[in-house]
1. Given the conditions (1) modelled with pLDDT under 90; (2) assigned to a loop (DSSP other than H, G, I, E, B); (3) of a type outside the set (K, R), which single one is not true for V572?
2. Could you list all residues from the stretch 171-180 that are open to solvent by less than 40 Å² (accessible area, probe 1.4 Å) and either in a helix (DSSP H, G or I) or farther than 25 Å from G356 by Cβ (or both)?
3. Quick one: how many residues across the stretch 151-170 are free of Cβ contacts under 8 Å to residues at least 60 places away in the same chain and either outside any loop (DSSP other than H, G, I, E, B) or surrounded by fewer than 16 Cβ atoms within 10 Å (Cβ to Cβ) (or both)?
4. Does the stretch 237-246 include one or more residues that are in contact (Cβ under 8 Å) with a residue 40 or more places away in the chain, more than 24 Å from T296 (Cβ to Cβ) and assigned to a helix (DSSP H, G or I)?
5. Tell me which of these G468 doesn't satisfy, since it passes every other one: (1) exposed (fewer than 13 other Cβ atoms within 10 Å of the Cβ); (2) out of contact with any Leu (no Cβ under 9 Å at 6 or more places or on another chain); (3) not aromatic (F, W, Y).
6. Within the stretch 632-648, is there a residue that is closer than 30 Å to N483 by Cβ, touching a strand residue (DSSP E or B) at 6+ places or on another chain (Cβ under 9 Å) and not hydrophobic (A, V, I, L, M, F, W, C)?
7. So which of T526, T548, T556 is part of a helix (DSSP H, G or I), at pLDDT 90 or above and either open to solvent by 90 Å² or more (accessible area, probe 1.4 Å) or of a type outside the set (D, E) (or both)?
8. Out of (1) under 29 Å from L392 (Cα atoms); (2) assigned to a helix (DSSP H, G or I); (3) modelled with pLDDT under 75, the odd one out for V261 is which?
Amino acid sequence: MKVLDFPLIRITIWFIAGILFFYYTKTTLFIATIALISSTFIFLILYFLSNKNKTILPFFGLSTYCSAFFLGGIILLLHTDSLQKSNYIHCQKAFNVSSQITFTLHEKLKSNSYSDRYTALINRIDGKVYSGKIIVNIAKDSTNNSLIIGSRIKTKTTLQANKSNKNPNQFDYAKYLSDRQIYAQIYCSKSQIQINKNIQKDIWYYSDCLHQRIIRNLEKARFNTTEMNVALALILGQQQEISADIIQDYQYSGATHILSVSGLHVGFIMLLINFILKPIPNTRKGSFIKLISVLTALSFFAVISGLSPSVLRSVVMFSFLTIGNHLRRTGNIYNTLLVSMLLILLFEPYFLFDAGFQLSYIALFFIIWLQPLLKKLFTPKNKIAIYIWDALTVSFAAQIGAFPLCLYYFHQFPGLFFITNIAIIPVLAFVMIAGIIVMIYAVFDSPPFFLVKILEKSIYLLNEIIHGVASIKSFVILDISFNFYFLITFYLLIFTTIIWFKKPNFPKLAIALIAIIMVQISFIYTKKETETQQEMIVYNVKKKTLITIRSGKIITIFTNDKLLLKDSRNTVLKSYLVGNFGTIKSATKPENLMFYNGEKIFVMDSAGVYDKKIQPDILLLTQSPKINLDRLLNEMHPKAIIADASNSNSIQKIWKYTCLKKNIPFHATAEKGYYQLK
């Protein structure tokens, strides 16, 4: 594979391997530092020796990769805020009792029905200096005075550690936040906060000011709210106010990528800037003017779009490409891609664990690597056919590269993605160019009404096209079970097959066939693994009782609310079925007496009726039964008590205290999450 022949690519691969190794092994900073110093020392010795003796060159190369490996680990550990002594996670008092917390608002997040949400940087806790990033939830009220990024706020509250998922196979939100160095949240109302008049004016403050100015000027120009929110997402990558229905349409049609600012958006900006600067001659001075203009425009775009990870990686990538063109070095596109990745990971190594980062780079890599091969399969004769074929090959190359990752993270696949991409590209190109002009105008003043209306109608047409494709639900494949074994073996198959197609020979064909066998083995192993598993789960569903008994892939459901099974918003059961390759055998109401794996389980509902003679091993309390638990425990003698989320919180506190006195294990799903019995 010629791609790996470039030293920078191998160095970057080892650097990434170091990040992954230190992330999963939790190696200490001290050990990592010793390892890096040792490998660097060996690297320097071998460097000087290799100048005199060329036989040492392979060992010098190996020492280079080892240094890159340990450097990746060190960079990761240095960017892990929880390892910093000043981080608020080490102030346990703030998690237990109400404390005076001072913080600075850093970024506006998508609000929910109850709260406006922000990320913030901790300044002080009870007068002591601390650092770290948190999420701030400020309850909504009738007032409409939104807070400014950079505002310094003081409030008295407790830090609440991020809660892990309360049900099996669900998205681990606590881990997601931890990878962004956010370990806690606070909840307060506007009446509980004190806002300091002095605002911290950093780059995020000015970015928010520009963003708010654009919104005010667009509103003055009477830009329809729905289309304006889509425009802000398309042009600036700001998805905070876009509706859930529109996001779902973009997901089902395979066009989600255009809502997150990526290389496509930055490419349009580059084309527009180069078009404007076309009259400038390609002399040394003219080329330098173009370089500065493009870099300034990209930097300005990054600032007004909020400095999000997707914007930063695209801007860095195209900045390197522009600098390479200015220096008259065509270079290797893989080197350019890897340099941008390496630079980003040097400053933010945790981006590596971001799904958007992974999808962006893998899609771009496959466009560069695979699209030329697909393009050669057919040579159109007219311009329209060339346009359609180019759009198809680019779309297929990106989708082939991103396909396994999309299945692994999102468990769905938009079957009509190629139609979407062909249909929207002309409209999207117009929207992007018109949108950039309108947004630049809105930075300074309210844009002309006719420009706003043209952009508004264009976005309306774009949304209608995407909605039309997304509404063909039969082509949207949902709830696809896809585990880590499949992810690795599918990528192995894709890479080996493409390598064989590029330059066919027998050894490459043999490796591709081995990859096919590996995929089959992953399917067989997964089937064997799932079919031998058996478990009973009591779920944490608010005001509902939900129990499943699984034997291999066959799942029996017990619930007091059959509507729960039909509710599309209920991801609890769906996540479990997808994660375990399961199929529903039947769904019934839970019986009062159940048996599982030799354990006798008594389910007590709101009636509170029981038989003293039952003597269960496990007592499951549901629907807040009116009972004297102390007397019941003396009569039934259960070994453990489970209370699901259908019970009131106040009653569960009483039950917990009763069980504590009698030294009987008590498991409340609202507090500890789902209960598993194997």
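1. (2)
2. Going residue by residue through the stretch 171-180, those that are open to solvent by less than 40 Å² (accessible area, probe 1.4 Å) are 174, 177, 179.
Once the filter is applied, which keeps residues that are open to solvent by less than 40 Å² (accessible area, probe 1.4 Å) and either in a helix (DSSP H, G or I) or farther than 25 Å from G356 by Cβ (or both), the stretch 171-180 yields A174, L177.
3. Applying the first criterion (free of Cβ contacts under 8 Å to residues at least 60 places away in the same chain) to the stretch 151-170 yields 151-157, 162-163.
Now restrict to residues that are either outside any loop (DSSP other than H, G, I, E, B) or surrounded by fewer than 16 Cβ atoms within 10 Å (Cβ to Cβ) (or both): 152-157, 163.
Number satisfying all stated conditions: 7.
4. yes
5. (1)
6. Residues of the stretch 632-648 closer than 30 Å to N483 by Cβ: 642, 644-645.
If we keep only those that are touching a strand residue (DSSP E or B) at 6+ places or on another chain (Cβ under 9 Å) as well, we get 642, 644-645.
Filter once more, keeping what is not hydrophobic (A, V, I, L, M, F, W, C): 644.
Yes, the stretch 632-648 contains a residue that is closer than 30 Å to N483 by Cβ, touching a strand residue (DSSP E or B) at 6+ places or on another chain (Cβ under 9 Å) and not hydrophobic (A, V, I, L, M, F, W, C).
7. Values: T548 fails: part of a helix (DSSP H, G or I); T556 fails: part of a helix (DSSP H, G or I).
Just one listed residue meets the conditions, T526.
8. Unmet for V261, out of (1) under 29 Å from L392 (Cα atoms); (2) assigned to a helix (DSSP H, G or I); (3) modelled with pLDDT under 75: (2).
The values are calculated or read from the model by the stated rules, or taken from the named source; none is laboratory data. As the structure is a computational prediction, the values presented were derived from the model and not from experiment. Ideal geometry is used to build each Cβ from the backbone, glycine not excepted, and the neighbour counts take in all protein chains shown. To get the accessible areas, we keep the full protein, side chains included, count just its heavy atoms, and leave off ligands, DNA and RNA. Shrake-Rupley method; radii C 1.70, N 1.55, O 1.52, S 1.80 Å.
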